[in-house]
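Notes for the one structure printed next.
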Amino acid sequence: MVRRYIPALVLGGVWWWAVLRLLLEPEHTGLVEGAVAAGGWGLSLLPVHVAAVVRPERSSDESGADRADMST
């Protein structure tokens, strides 16, 4: 379980290094820092936390009861 978090921590540290370097020393930064910062920000926009929910199938009796409850 710990092995799964080590790469995430390393990549997060590299991203923070690039962002802080861009903020604190913008005249000394290069293409690598900009690419790392932009790439990490772009990855944060992906909904990687979303997963499909497996729900049990509903019988025809249950589905009719729910529609009746919702219509009132």
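Some notes on this structure:
- With 0.36 nm allotted per residue and the present C-alpha distance subtracted, the Leu9-Trp41 stretch has 10.0 nm of extension available.
- The phi torsions of the stretch 14-22, fed into the Karplus equation with coefficients 6.51, -1.76 and 1.60 and a -60° offset, translate into couplings of 5, 5, 5, 4, 5, 5, 5, 5, 5 Hz, rounded to whole numbers, with Gly and Pro shown as x.
- Inter-label distance, nm, simple model (7 Å from Cα along the C-beta direction), Val2/Leu20: 2.4
Coordinate-derived values only; no laboratory data. If you're wondering where the values come from, they're calculated on a predicted model, not measured in any experiment. We place every Cβ from the backbone using ideal geometry, glycine too, and count neighbours over all the protein chains shown.
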